[in-house]
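Asks: The structure follows.
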Amino acid sequence: MRHVFRLLPLFLPTLALALASPPPEPAAVRTLLRERKLAAAETAAREFLALHPRAAEAHALLGEVRLAQDDGAGAIQAFEQAASLAPTDSEIH
């Protein structure tokens, strides 16, 4: 148990950083898209996707970003993944 306490100071900065920056939300990604901040939107969409890899909405968000970046192939791939995860969701199709 003492080893854990010795290592704790090494992890505190990482933990503080993780707690200081809230995870991205879909609304934040869409706001960045509206503001045409495409690089930031892509980063936020990828962060959301990393937290929710099985969520159709996460893939659809990445598809929206790819579409805004004129990356048709990337958009199609993301939208197809979203559709496969939520085949009955009318908002995804």
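Asks: For ASP70, work out the one condition from (1) part of a helix (DSSP H, G or I); (2) of a type outside the set (Phe, Trp, Tyr); (3) at positive phi it doesn't fulfil.
Replies: Status for ASP70: all satisfied but (1).
Asks: Among all residue pairs at least 6 apart or on different chains, which show Cβ distances below 8 Å where the first residue, located in the stretch 67-78, is closer than 16 Å to LYS37 by Cβ and the second is open to solvent by less than 20 Å² (accessible area, probe 1.4 Å)?
Replies: LEU67/ALA75; ALA68/ALA41
Asks: Evaluate the following for GLU42: is it out of contact with any Leu (no Cβ under 6 Å at 6 or more places or on another chain), modelled with pLDDT of 95 or more and not basic (Lys, Arg)? If you could, list the steps in order and put the result at the bottom.
Replies: Values: out of contact with any Leu (no Cβ under 6 Å at 6 or more places or on another chain): yes; modelled with pLDDT of 95 or more: yes; not basic (Lys, Arg): yes.
So GLU42 fits the description; yes.
Asks: So, in the stretch 32-65, of the ones that are within 24 Å of SER90 (Cβ to Cβ) and open to solvent by 50 Å² or more (accessible area, probe 1.4 Å), which residue ends up farthest from the chain's Cα centre (by Cα)?
Replies: The selected residue is ARG34.
The values are calculated or read from the model by the stated rules, or taken from the named source; none is laboratory data. Treat the numbers as computed from the prediction; the structure is a model and nothing was measured. Cβ atoms come from the backbone with ideal geometry, glycine included; neighbour counts cover every protein chain shown. Ligands, DNA and RNA are excluded from the accessible area calculation, which covers all protein heavy atoms including side chains. Shrake-Rupley method; radii C 1.70, N 1.55, O 1.52, S 1.80 Å.
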